[in-house]
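Here the structure comes first, spelled out in structure tokens, and everything after it is commentary.
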Amino acid sequence: MAGFRATVLVVASSVVAVVAAGAGVRAQGRPTQRAVHAGHAARADSTVVNEFMTYNAAAKRVTIKLIAALGSANGGMNFNGRSRGDLTITVPVGWQVRMPFENKDAIPHSAIVLANKFPLPLTPDAPAIARAYTNEVTAGLPTGGTDVLDFKAAPAGSYLIVCGVPGHAPSGMYIKFVVSATAKVPNYGS
């Protein structure tokens with residue numbers, strides 16, 4: 001019986017080591033890049049830019065996490081804590097974009113990609129890129145509401161990601177989104 005217990009302990013230790021390795025935990029107990037970003041669908045072949053962006057250059061896929069009202073910047077009228085166009089996200093033309101959206105505010109918000117033209121519409125009605133919008137664009141998603149924008153970055157051009165709830169975009173709830181004909185990889189810039 002003692003031999004059986006020893007064997008079980010060795011097997012159990014091996015399983016724990018394999019599970020830890022699969023989850024991306026190093027022997028020192030610190031998470032690997034893969035474990036830190038497992039919630040962002042990062043894989044071993046993905047490049048992690050920051051907490052909001054990962055991409056796979058070979059597959060030409062980028063994931064950009066978009067959080068409405070991340071902190072109190074611009075009175076909560078922001079994406080990832082940024083507003084009034086003070087963030088530019090660049091994606092190479094033709095890449096597949098997956099943009100998980102979450103609303104952390106007490107009021108409804110949404111996201112839609114529009115042409116970079118001012119004045120911004122009070123109520124956006126159509127995206128500049130097919131499928132580049134959340135459900136309930138004008139009503140907005142409630143607190144804790146989520147959706148995923150899944151679209152191809154085309155055509156090349158300068159766009160804005162705006163909140164489609166009436167009045168939110170003109171109040172500064174927008175960031176820049178560039179589909180670049182020259183960029184080789186995505187960039188989460190300033």
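For the stretch 83-132, how many residues meet the condition of being touching a residue at least 40 places away in the same chain (Cβ under 8 Å) and among the small types (Gly, Ala, Ser)?
Of the residues in the stretch 83-132, 6 are touching a residue at least 40 places away in the same chain (Cβ under 8 Å) and among the small types (Gly, Ala, Ser).
Considering each of Arg131, Arg98 in turn, give the residue that is under 16 Å from the mean Cα position of the chain (by Cα), part of a loop (DSSP other than H, G, I, E, B) and modelled with pLDDT of 95 or more.
Arg131
Across the stretch 83-100, what is the number of residues that are buried (at least 21 other Cβ atoms within 10 Å of the Cβ) and among the β-branched types (Val, Ile, Thr)?
Counting residues in the stretch 83-100 that are buried (at least 21 other Cβ atoms within 10 Å of the Cβ) and among the β-branched types (Val, Ile, Thr) gives 3.
So is Asn116 assigned by TED's automatic domain parsing to the domain that holds Val49 and crowded, with 21+ Cβ neighbours inside 10 Å or not?
Criteria not met by Asn116.
Out of the residues in the stretch 42-74 that are of a type in the set (Ser, Thr, Tyr) and within 17 Å of Glu102 (Cβ to Cβ), which is surrounded by the fewest Cβ atoms within 10 Å (Cβ to Cβ)?
Ranking the qualifying residues of the stretch 42-74, first place goes to Ser72.
Which condition breaks for Asn103 when tested against (1) surrounded by fewer than 16 Cβ atoms within 10 Å (Cβ to Cβ); (2) more than 28 Å from Ala183 (Cα to Cα)?
For Asn103, the failing item is (1).
For the list (1) surrounded by fewer than 22 Cβ atoms within 10 Å (Cβ to Cβ); (2) closer than 18 Å to Ala169 by Cβ; (3) in contact with a strand residue (DSSP E or B) (Cβ under 7 Å, 6 or more places away or on another chain), I need the number of the one condition that Phe79 fails.
Unmet condition: (1).
The values are calculated or read from the model by the stated rules, or taken from the named source; none is laboratory data. Fair warning: this is a prediction, and the values are worked out from it, not measured in the lab. For neighbour counting, all protein chains shown are included, and Cβ atoms are generated from backbone atoms with ideal geometry for every residue, glycine included.
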